[in-house]
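This report refers to the structure that appears directly beneath it.
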Ligand SMILES: Cc1cc2nc3c(=O)[nH]c(=O)nc-3n(C[C@H](O)[C@H](O)[C@H](O)COP(=O)(O)OP(=O)(O)OC[C@H]3O[C@@H](n4cnc5c(N)ncnc54)[C@H](O)[C@@H]3O)c2cc1C
């Protein structure tokens with residue numbers, strides 16, 4: 001959407017601008033250090049410009065139904081993924097510095113939230129930090145590439161911190177090669193299963 005129709009001001013609040021100008025260090029120099037060098041910072045800026053130049057105006061989302069918002073968020077992240085894969089192929093074929101790594105930086109910038117946020121920050125990270133080399137190879141790599149999508153569904157209405165109390169069962173069915181979920185009572189109802197609402 002063109003910037004002229006946006007309700008979001010394109011200029012920075014003058015008070016904030018004043019405070020930023022009062023910094024006793026070079027903001028640009030700090031950013032270079034933070035991102036690991038001027039070349040890395042430039043790359044980040046180029047990718048962001050390419051990725052966000054046609055991003056929708058976030059204020060419109062206030063008027064959408066949950067279902068429409070869901071479809072929009074999935075569309076946004078799918079489009080961003082296609083662009084990142086394309087750029088990775090163009091700039092560094094076979095690498096992972098743009099796809100999937102840059103997908104991880106999107107959460108704050110996708111107006112209707114990031115449908116893969118829980119997948120990336122909890123599912124992928126847990127496999128890499130706690131999995132065996134075999135598990136990382138079999139599940140971690142395809143998960144990091146978004147070939148399989150995971151979630152984090154621990155909390156139940158009646159069981160938060162007390163994970164020993166969890167009552168939901170997942171029984172493996174050899175015949176169908178699937179897990180059958182069983183919620184025995186209301187307390188076992190999964191609560192706040194991040195990412196699941198997107199799938
Ligand atoms: C932003 C957000 C995102 C979340 N996303 C997810 C998600 O993706 N998937 C998911 O499964 N869950 C998610 N949760 C739920 C989160 O994991 C639970 O909130 C957490 O497990 C705590 O459970 P509870 O809120 O039921 O609190 P409770 O377990 O009921 O605890 C309530 C209070 O009692 C205290 N307490 C508990 N047990 C003891 C004890 N034995 N001794 C002393 N004090 C105790 C706690 O410290 C706390 O202050 C999310 C929560 C938040 C806030």
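Here are some notes:
- Some residue of region 91-109 being surrounded by fewer than 17 Cβ atoms within 10 Å (Cβ to Cβ), in the same structural domain as residue 56 (by TED's automatic domain parsing), under 22 Å from residue 71 (Cβ atoms) and away from the ligand (no atom under 16 Å from the Cβ): yes
- Test for residue 35: is it without any contact (Cβ under 8 Å) to a residue 60 or more places away in the chain and under 19 Å from the mean Cα position of the chain (by Cα): no
- Filtering region 59-75 to residues that are assigned to a helix (DSSP H, G or I) and more than 13 Å from residue 110 (Cβ to Cβ) leaves 59, 60, 62, 63, 66, 67, 68, 71.
- The listed residues are 113, 159, and the only one of them that is within 13 Å of the ligand (Cβ to nearest atom), over 15 Å from the mean Cα position of the chain (by Cα) and either surrounded by 11 or more Cβ atoms within 10 Å (Cβ to Cβ) or closer than 24 Å to residue 68 by Cα (or both) turns out to be 159.
The values are calculated or read from the model by the stated rules, or taken from the named source; none is laboratory data. Here the structure is a predicted model, which is why all the values come from computation and not from measurement. Every residue, glycine among them, receives a Cβ derived from its backbone with ideal geometry; neighbour counts consider all protein chains shown.
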